[in-house]
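Each reported figure results from applying straightforward, stated rules to the coordinates on display, with no laboratory input. None of the values given here were measured: they were computed from a predicted structure. No Cβ is skipped: glycine too gets one built from the backbone with ideal geometry, and neighbour counts run over all protein chains shown.
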Amino acid sequence: MSVFDDVSRFLEERLEEYLKAHPHLELQVLEDKLHDQAADTTKLLTQLQAEEQQQQNAILETANEIQRWHQRIKKAKQAGRQDLATAAEQREASLLRQGNQQWGQLEIVKERIAQTQELKQKIQLRQQEVRAKMRQMPKQKTTPRTAQTTGWSQPPKSGTPDPLEDQFQKWEMDDELDQLKRKMGR
């Protein structure tokens, strides 16, 4: 292993420890990842639906060509032009194979659309679960007592909450969360 791998593994372990110690941040990171996955899934679904439409259009064009060559076969046979009828039959057979391939490709795209829709629903369900957990977590104290009642510059007596300490902890956690988001490419 290289030094980079060791450092990377060390940092990942420290991040995991930190997130486990601060579950609300872990949930926030998870919610952000799920949001990104939902956006990517929606984009993929849009692309697949456009591809499905293109495949359908190609199949219709091929079907029209098959009909056109089928009519030509009839016309050539009626006129006694077996040479043209044989060539037209070969063309029609080739178009039928092409149509079958296009149909198979369309079925694959439809299957991928169904899988992507299922994935999107799972992501949305997971997002709801994470949001519900976030709502269940105890709220952080965000409103410190005023300086007149406790005195910011004096440390509180033991056993009493320190509003300045609480505010600094909240600020430091928010700052670390912002740094994590930036490192994760947000």
Enumerate the calculated ³J(HN,Hα) couplings along the range 110-125 in order (Karplus 6.51 cos²θ - 1.76 cosθ + 1.60, θ = phi - 60°), each rounded to whole Hz, writing x wherever the residue is Gly or Pro. 4, 5, 5, 5, 4, 5, 5, 5, 5, 4, 4, 5, 5, 5, 4, 5
Long-range lysine pairs (8 or more apart or interchain), the range 33-138, Cα under 28 Å: 13
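More than 23 Å apart: what percent of Cα pairs in the range 10-95 qualify?
Values: 2206 of 3655 pairs.
Beyond 23 Å sits 60 percent of the P(r) for the range 10-95.
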Rounded FRET efficiency, nearest 0.05, which uses the C-beta distance separating LEU84 from GLU61 and R0 of 22 Å: 0.45
Phi-derived 3J(HN,Hα) across the range 34-51 with the Karplus relation (6.51, -1.76, 1.60, θ = phi - 60°), rounded Hz, x for Gly and Pro, is 5, 4, 5, 5, 5, 5, 5, 5, 4, 5, 4, 4, 4, 5, 5, 5, 5, 5
Could you give the length gained on full extension between GLU111 and LYS74, defined as 0.36 nm per residue of separation minus the Cα-Cα distance, in nm? 9.5 nm
Each residue of the range 80-85 in turn: what ³J(HN,Hα) in whole Hz from Karplus with 6.51, -1.76, 1.60 and θ = phi - 60°, glycine and Pro shown as x? x, 9, 5, 4, 5, 4
The range 33-138 - Debye-derived log10 I(q)/I(0), Cα point model, q = 0.17, 0.19, 0.23, 0.24 Å⁻¹: -0.83, -0.91, -1.08, -1.12
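Could you quote the convex hull projected area for the range 1-40, Cα atoms only and averaged over all directions, in nm²?
On the way: hull surface 14.2 nm².
Over every viewing direction, the Cα hull of the range 1-40 projects on average to 3.5 nm².
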